[in-house]
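The next block holds one structure in the form of structure tokens; read it before the comments.
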Amino acid sequence: MNAPLLTTPRVEPFFFDAEPGTRFSLYHAPNPQVAPRGAILYVHPFAGELNRTRRMAAIQSRAFAALGYAVLQIDLFGCGDSCGEFNAGRWQIWREDLALSAAWLAQRDSGPLTLWGMRLGGLLALDAAARIAPCRVLLWQPYLSGRACINQFLRLSEQLRDPAPGAPRSTAALRAQLAVHGAIEVGGFEVAVPLVKAIDACDAAHLVPPRCAVHWFAHGGPAPMKVAAGAARLAEHWGPAGATLHFHPLDGSPDWSGDGELDLPELRAATCSLFSGDPA
């Protein structure tokens with residue numbers, strides 16, 4: 001009797017060597033029963049958002065693989081199951097991780113490369129795009145300002161809810177504490193000054209625009225017109241450099257700062273709808 005055909009693309013967990021140490025990765029092989037479409041490199045969110053969105057990213061990666069894309073998910077240095085402590089994470093190391101991952105994918109799978117970044121991973125993907133030169137960038141609810149990301153991270157600090165006299169009452173106070181001590185812990189994640197400074201300095205409007213199509217999916221939340229206006233300003237800024245920004249608004253306001261697992265089926269469905277065709 002013939003063995004049944006596999007209907008689910010295979011997933012290969014592995015570690016690859018990098019500097020420093022090793023990086024944990026998941027490779028989703030493309031569905032062999034459809035025409036290959038290229039490769040996708042996933043760039044995960046920051047700190048606790050990585051853990052909250054692991055399942056959502058894995059589901060989407062499997063969906064991409066079923067459509068014929070090869071997908072690589074990497075835990076950046078100091079994150080997830082990769083080597084290093086979180087407080088040793090550095091923006092430049094993460095950029096190197098992505099360049100190494102893109103080169104690995106290029107050797108394994110021919111075809112156009114998409115950088116897919118979620119939240120701060122979207123800003124990191126945009127920053128890395130100048131070196132990696134993808135054919136497109138996919139952004140899921142991205143931070144376009146690194147400083148905004150760090151401020152949101154600091155708002156999760158238990159210190160801001162401490163009623164004791166002298167406890168910090170603002171993100172500015174927490175930043176002052178960070179400057180004095182060189183590091184600060186929020187929600188079990190300790191970040192050091194060098195990483196905070198590098199993230200603060202990163203802003204999409206000041207990066208070299210990617211010379212490719214950028215697909216930005218975002219929930220409008222309580223101010224959808226504000227989000228759309230921000231996308232329009234960025235598109236106008238990038239246009240002369242050859243970047244084409246496609247903004248895909250979604251209804252709703254997900255709680256990114258909450259606890260527990262986060263999944264956004266409507267975001268996954270809208271992305272699959274775009275990538276099942278021939279996205280620019």
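The values are calculated or read from the model by the stated rules, or taken from the named source; none is laboratory data. Since the model is a prediction, treat every value here as computed from it, not as a measurement. Please note: Cβ atoms are built from the backbone with ideal geometry, for glycine as well, and neighbour counts cover all protein chains shown.
What is the one condition in (1) within 22 Å of residue 80 (Cα to Cα); (2) not assigned by TED's automatic domain parsing to the domain that holds residue 43 that residue 118 does not satisfy? Answer for residue 118: the failing condition is (2).
List the number of the failed condition for residue 60; all other conditions in (1) touching a residue at least 12 places away in the same chain (Cβ under 8 Å); (2) farther than 28 Å from residue 279 by Cβ hold. So residue 60 meets the others, but not (2). Among the conditions (1) in a loop (DSSP other than H, G, I, E, B); (2) in contact with a Phe, Trp or Tyr (Cβ under 9 Å, 6 or more places away or on another chain); (3) farther than 18 Å from residue 121 by Cβ, the only one that residue 167 does not satisfy is (2).
Scanning the range 129-145 for residues that are buried (at least 23 other Cβ atoms within 10 Å of the Cβ) and under 11 Å from residue 40 (Cβ atoms) gives 134, 137, 138. The single condition from (1) closer than 30 Å to residue 266 by Cβ; (2) buried (at least 17 other Cβ atoms within 10 Å of the Cβ) that residue 155 fails is (2).
For residue 151, the conditions (1) in contact with a Cys (Cβ under 9 Å, 6 or more places away or on another chain); (2) not in a loop (DSSP other than H, G, I, E, B) are fulfilled apart from (1).
Could you please let me know if residue 20 is modelled with pLDDT of 95 or more and not acidic (Asp, Glu)? No, not satisfied. Within the range 35-64, the set of residues being in contact with a Leu (Cβ under 7 Å, 6 or more places away or on another chain), hydrophobic (A, V, I, L, M, F, W, C) and over 20 Å from residue 81 (Cβ atoms) comprises just one member, 39. When residues in the range 232-250 are screened for being surrounded by 13 or more Cβ atoms within 10 Å (Cβ to Cβ), among the small types (Gly, Ala, Ser) and at pLDDT 85 or above, 1 of them pass. Just to be sure, is residue 134 in contact with a Leu (Cβ under 9 Å, 6 or more places away or on another chain), more than 22 Å from residue 255 (Cα to Cα) and assigned to a loop (DSSP other than H, G, I, E, B)? Considered against the rule, which asks whether it is in contact with a Leu (Cβ under 9 Å, 6 or more places away or on another chain), more than 22 Å from residue 255 (Cα to Cα) and assigned to a loop (DSSP other than H, G, I, E, B), residue 134 comes out as yes.
Filtering the range 224-280 to residues that are out of contact with any Cys (no Cβ under 9 Å at 6 or more places or on another chain) and β-branched (Val, Ile, Thr) leaves 227, 271. Here residue 197 qualifies as at pLDDT 95 or above, under 23 Å from the mean Cα position of the chain (by Cα) and either surrounded by fewer than 16 Cβ atoms within 10 Å (Cβ to Cβ) or not aliphatic (A, V, I, L, M) (or both).
Residue 229 fulfils the conditions (1) out of contact with any strand residue (DSSP E or B) (no Cβ under 9 Å at 6 or more places or on another chain); (2) modelled with pLDDT under 95; (3) not assigned by TED's automatic domain parsing to the domain that holds residue 101 except for a single criterion, (3). Looking at 276, 257, 253, which one is modelled with pLDDT of 85 or more and touching a helix residue (DSSP H, G or I) at 6+ places or on another chain (Cβ under 9 Å)? Exactly one residue qualifies, and that residue is 276. The set of residues in the range 174-189 that are buried (at least 16 other Cβ atoms within 10 Å of the Cβ) and either in contact (Cβ under 8 Å) with a residue 60 or more places away in the chain or under 24 Å from residue 133 (Cα atoms) (or both) comprises 186, 189.
The condition (being assigned by TED's automatic domain parsing to the domain that holds residue 233 and aliphatic (A, V, I, L, M)) is satisfied by just one residue among 191, 180, 186, 208: 208.
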